[in-house]
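Student: Would you mind keeping the following structure in view while I ask a few things?
The values are calculated or read from the model by the stated rules, or taken from the named source; none is laboratory data. It should be emphasised that the depicted structure is a prediction, and the values quoted were computed from it without experimental measurement. Methodologically, a virtual Cβ is constructed for each residue, glycine included, from the backbone with ideal geometry; neighbour enumeration extends over all protein chains shown. In case anyone asks, the SASA skips ligands and DNA or RNA and just uses the protein heavy atoms, side chains included. Shrake-Rupley method; radii C 1.70, N 1.55, O 1.52, S 1.80 Å.
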Amino acid sequence: MKVIYTDVLIIGGGLAGLRVATGIKERGHDAVVLSLVPPKRSHSAAAQGGMQASLANCKMGEGDNEDVHFSDTIKGSDWGADQEVARMFVHCAPKAIRELAHWGVPWSRVHRGDHAAIINAEKVTITEKDEAHGLITARDFGGTKKWRTCYTSDGTGHSMLFAMDNKAKQEKVEVHERLEAISLIHENGRCYGAVARNLMSGELVAYVSKATTVATGGYGRIYSVSTNAIICQGIGQAIALETGVATLGNMEAIQFHPTAIVPVGILTTEGCRGDGGLLLDKDGYRFMPDYEPDKKELASRDVVSRRMTEHMRKGKGVKSRYGDHLWLDITILGREHIEKNLREVKEICENFLGIDPAVDWIPVRPTQHYSMGGIRTKYTGESQTLKGLYSCGEAACWDMHGFNRLGGNSVSETVVSGMLVSEYISDYLDSDESHLSIHTANVEKFVRIEQEKLDALLSKENGEDAYVLRRAMEEIMMNKVGIFRNGDDLQKAVDELEELHKRSKNIEVFRSKSRAANPALVNAYRTQKMIKVALTVAYGALLRTESRGAHSREDYPERDDANWLKRTITSWPDENQSIPTVSYEEIDISKMELPPGFRGYGKDLTKHHPDTKKREDVVNAIKEKLEEEGGDRFEVQNCLMPYIDKLPKKYRGTNERLGENV
Ligand SMILES: Cc1cc2nc3c(=O)[nH]c(=O)nc-3n(C[C@H](O)[C@H](O)[C@H](O)COP(=O)(O)OP(=O)(O)OC[C@H]3O[C@@H](n4cnc5c(N)ncnc54)[C@H](O)[C@@H]3O)c2cc1C
């Protein structure tokens, strides 16, 4: 048995995983990163539109600060987010973006003087200040009050990941590519690393570590059409679930992005609408202002996706042999703007649709895009229930997105949470608590169990075809656990997935019995895990009898704060269970800086919690008193919901902005 010892095992080489590894190395500890692919090919490279940070450099960002970013994030989350975590995030995002600039990300910059922009379908002139010249600029994005989304053309994730990977190399982070974690090693409530399978040779390797971080990204590929890379299969969430000890949070919170191209589902960034692009129906009519007169195309993503679906249901979609779709019109932006700021979109349109978006409208439809749920953690990134297991990035439910993430807040989360979690892990490594105490015999046991499972798959005869089961799962998720949900469909989805789960115990690997590089074997064990993840989503959605953010129940259209202001917690304590165990974690209104309110879209259908009014009165009284006494916004914030002490000392400093005297 091959055993590799390290201080920290990081499963995942995307933005989040690499940022954790870099921080750990800077603090003088060892880190090994596992990745299915070379890190630069991780899904993070696909991020297009940008990263949110309240720099307030450009004209349309003026007046922005942490308070505005915080309020947008909480409203966007439909009050599902952890407000302390969101505060920590908005405070650190400006630091993270400047750090990335220092590491080589070529952020697009402010140019002094006049430039043209399209706002609400009209050409306007914006004049940038002299003193802002050369600072990082930002574009508009959905659900934000200010232009806050910083970008490098529409290849933001690409440039962030390349800079991050170079930095990791500079810090001599050890990366083991094409090694897949297939189970976590744990004993007595403590995690000690993972069993990984070499995807080339088939060899199993035990990685034994003091701390383990899962940064494996989202689980979009449990749906049949997704903007996610094909490796976003939720294996990180699955191996946490399979410990029976670690828990997952809000798995039913799945985001659909309004503008993926039809039929393949590749994304065209929200930056298209942020820069002035419009949504049109079969008659070329701009319909969003009718539904959302205020934010129009730039309402929150969940809202735009629902409005588009509603509009298509009214017969206003464009018929095609791939089903109905709508149009995204960016011709209005002009060729020069598209070739400079939306060049990936241009290439996607040329290569996958054979059209020129400077001339032609783009066929789009809402498509699965982002996983708000994930491994439930404390604010330190550590699992609430399995010591030594950490998680961050899209893999985690940290939980700053609640039931809907704002565009641009995800790549920002990866680097901010990576930066913070690496500090908390390093503190843990510096303490006696992190001492390794697991017998090699027990490590061997974990490897043996995995070997036996693989052997069983390879020796099975007359079994099930994993490809058939997986396709069935994807269709169930797409058709019954989609943008609009209802009790009947969700019950059917749970029943059908439960049946698939039973059948998945009987999978046979057809085509090749090779133990080494064997895609059929990989698909077999991943399908077993993906079905479990799909069950956590469908079951959580069935039980949540309200609508919140991206979880929209047609049979329960209200956001029901009175009964559902809580996080869904899922576990799988006994491997013989056919569905997961679900419990709930209350979200405490009495500690909220921003008590639950109306998000500002459509009609207010909220069933309020009895404590909301009480908390509003407390918050207003504190604000009035401190403002009378001349307290600044930091003092007010600190009185409402202190969080600064939770941050590592080096990140507590105030952010500076042009014209703001701090
Ligand atoms: C098309 C698209 C565009 C987007 N644009 C934006 C945007 O403009 N702004 C924004 O904020 N967000 C955007 N997002 C979301 C954002 O890109 C992701 O949420 C984010 O990059 C996730 O980063 P991560 O580090 O958590 O995971 P990933 O980048 O997905 O990395 C996961 C890593 O885990 C590894 N891995 C997975 N499973 C295993 C395993 N079992 N064993 C070992 N390694 C494993 C993979 O190899 C990979 O290295 C976009 C998403 C999509 C789909």
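Student: Which one of these does residue 266 not meet: (1) away from the ligand (no atom under 11 Å from the Cβ); (2) of a type in the set (Val, Ile, Thr); (3) open to solvent by 10 Å² or more (accessible area, probe 1.4 Å)?
Tutor: Every listed condition holds for residue 266 apart from (1).
Student: Take the range 446-469 and flag every residue that is open to solvent by less than 50 Å² (accessible area, probe 1.4 Å) and of a type outside the set (Asp, Glu).
Tutor: Scanning the range 446-469 gives 446, 447, 454, 457, 458, 463, 466, 469.
Student: OK, next. Is there a residue in the range 151-159 that is among the charged types (D, E, K, R) and either assigned to a strand (DSSP E or B) or open to solvent by 20 Å² or more (accessible area, probe 1.4 Å) (or both)?
Tutor: Among the residues of the range 151-159, not one is among the charged types (D, E, K, R) and either assigned to a strand (DSSP E or B) or open to solvent by 20 Å² or more (accessible area, probe 1.4 Å) (or both), which makes the answer no.
Student: Listed residues 312, 308; which is buried (at least 23 other Cβ atoms within 10 Å of the Cβ), modelled with pLDDT of 95 or more and either in a helix (DSSP H, G or I) or over 24 Å from the mean Cα position of the chain (by Cα) (or both)?
Tutor: Being buried (at least 23 other Cβ atoms within 10 Å of the Cβ), modelled with pLDDT of 95 or more and either in a helix (DSSP H, G or I) or over 24 Å from the mean Cα position of the chain (by Cα) (or both) holds for just one of 312, 308, which is 308.
Conditions (1) within 16 Å of the ligand (Cβ to nearest atom); (2) closer than 17 Å to residue 141 by Cβ; (3) of a type in the set (Ser, Thr, Tyr), marked per residue:
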position	(1), (2), (3)
25	no, no, no
29	no, no, no
32	yes, no, no
39	yes, no, no
43	yes, no, no
47	yes, yes, no
54	yes, yes, yes
62	no, yes, no
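Student: Residue under question is residue 275, and the condition is that it be within 16 Å of the ligand (Cβ to nearest atom) and more than 16 Å from residue 365 (Cα to Cα); does it hold?
Tutor: On the way: within 16 Å of the ligand (Cβ to nearest atom): yes; more than 16 Å from residue 365 (Cα to Cα): yes.
So residue 275 fits the description; yes.
Student: Restricting the search to the range 434-448, which residues are in contact (Cβ under 8 Å) with a residue 12 or more places away in the chain and among the aliphatic types (A, V, I, L, M)?
Tutor: Of everything in the range 434-448, those that are in contact (Cβ under 8 Å) with a residue 12 or more places away in the chain and among the aliphatic types (A, V, I, L, M) turn out to be 436, 438, 443, 447.
Student: Specify which of the listed residues (139, 197) is within 11 Å of the ligand (Cβ to nearest atom), under 16 Å from residue 444 (Cα atoms) and among the charged types (D, E, K, R). Walk me through how you get there before you give the answer.
Tutor: Numbers: 139 fails: under 16 Å from residue 444 (Cα atoms).
Being within 11 Å of the ligand (Cβ to nearest atom), under 16 Å from residue 444 (Cα atoms) and among the charged types (D, E, K, R) holds for just one of 139, 197, which is 197.
Student: Anything in the range 257-292 that is part of a loop (DSSP other than H, G, I, E, B) and closer than 20 Å to residue 557 by Cβ? List them, or say none.
Tutor: First, pick out the residues of the range 257-292 that are part of a loop (DSSP other than H, G, I, E, B): 262-266, 268-270, 275-277, 281-285, 287, 292.
Listed by number, the list holds a single entry, 292.
Student: Looking at 506, 523, 486, can you tell me which residue is under 17 Å from residue 543 (Cβ atoms) and either at pLDDT 95 or above or open to solvent by 50 Å² or more (accessible area, probe 1.4 Å) (or both)? Working first, answer last.
Tutor: Numbers: 506 fails: under 17 Å from residue 543 (Cβ atoms); 523 fails: under 17 Å from residue 543 (Cβ atoms).
Within the list 506, 523, 486, the selection yields 486.
Student: Please verify whether the range 377-385 includes one or more residues that are among the hydroxyl-bearing types (Ser, Thr, Tyr) and more than 19 Å from the chain's Cα centre (by Cα).
Tutor: Within the range 377-385, one or more residues are among the hydroxyl-bearing types (Ser, Thr, Tyr) and more than 19 Å from the chain's Cα centre (by Cα).
Student: Next question. So which strands (runs of 3 or more DSSP E) are wholly in the range 323-377 and hold at least 3 residues that are not hydrophobic (A, V, I, L, M, F, W, C)?
Tutor: 362-371
Results for (1) open to solvent by less than 10 Å² (accessible area, probe 1.4 Å); (2) free of Cβ contacts under 8 Å to residues at least 60 places away in the same chain; (3) assigned to a strand (DSSP E or B), shown as yes or no for each residue.
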| position | (1), (2), (3) |
| --- | --- |
| 176 | no, no, yes |
| 182 | yes, no, yes |
| 191 | yes, no, yes |
| 197 | yes, no, yes |
| 201 | no, no, no |
| 210 | no, no, yes |
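Student: Please enumerate the residues belonging to the range 398-439 that are surrounded by 24 or more Cβ atoms within 10 Å (Cβ to Cβ), acidic (Asp, Glu) and more than 10 Å from the ligand (Cβ to nearest atom).
Tutor: 399
Student: Of the conditions (1) loosely packed, with under 14 Cβ neighbours inside 10 Å; (2) touching a Lys or Arg at 6+ places or on another chain (Cβ under 9 Å), residue 514 satisfies every one except a single condition; which number is it?
Tutor: (2)
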